[in-house]
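Remarks on the structure that follows.
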Amino acid sequence: MTDTMWKCEQLRAGTVYNRILFNTRQEAEQFAQQMGKVEPDLFWNIEAVPAKAVWN
């Protein structure tokens, strides 16, 4: 496990509809790219978060 997790948030009109965590930035970017092909009207924001903020 790494010290950093990558959070993808699905946004539409400024509202978060979905949030998914990944272990690497590459996984997060690949996921967002694939979802962009399926639902081009939705925006995926990718953000690094410390793992300690996610897990207790």
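Can you tell me which residue in the range 27-56 is farthest from the chain's Cα centre (by Cα), limited to those that are assigned to a helix (DSSP H, G or I) and closer than 12 Å to Thr2 by Cβ?
Restricting to residues being assigned to a helix (DSSP H, G or I) and closer than 12 Å to Thr2 by Cβ, the top hit is Lys52.
Would you check which residues across the range 39-54 are in contact with a Ser or Thr (Cβ under 9 Å, 6 or more places away or on another chain) and of a type in the set (Val, Ile, Thr) and list them?
Val49
Scan the range 35-47 and report the pairs whose first residue is without any contact (Cβ under 8 Å) to a residue 24 or more places away in the chain and whose second residue is surrounded by 13 or more Cβ atoms within 10 Å (Cβ to Cβ) and part of a strand (DSSP E or B), with Cβ atoms within less than 7 Å and a gap of 6+ or a chain change.
Pairs found: Gly36/Trp44.
Return the residues of the range 3-26 that are under 11 Å from the mean Cα position of the chain (by Cα) and basic (Lys, Arg); say none if nothing qualifies.
Within the range 3-26, Lys7, Arg19, Arg25 qualify.
Since every read-out is calculated from the coordinates, none of them should be taken as a lab result. Since we're looking at a predicted model, the values are computed, not measured. No Cβ is skipped: glycine too gets one built from the backbone with ideal geometry, and neighbour counts run over all protein chains shown.
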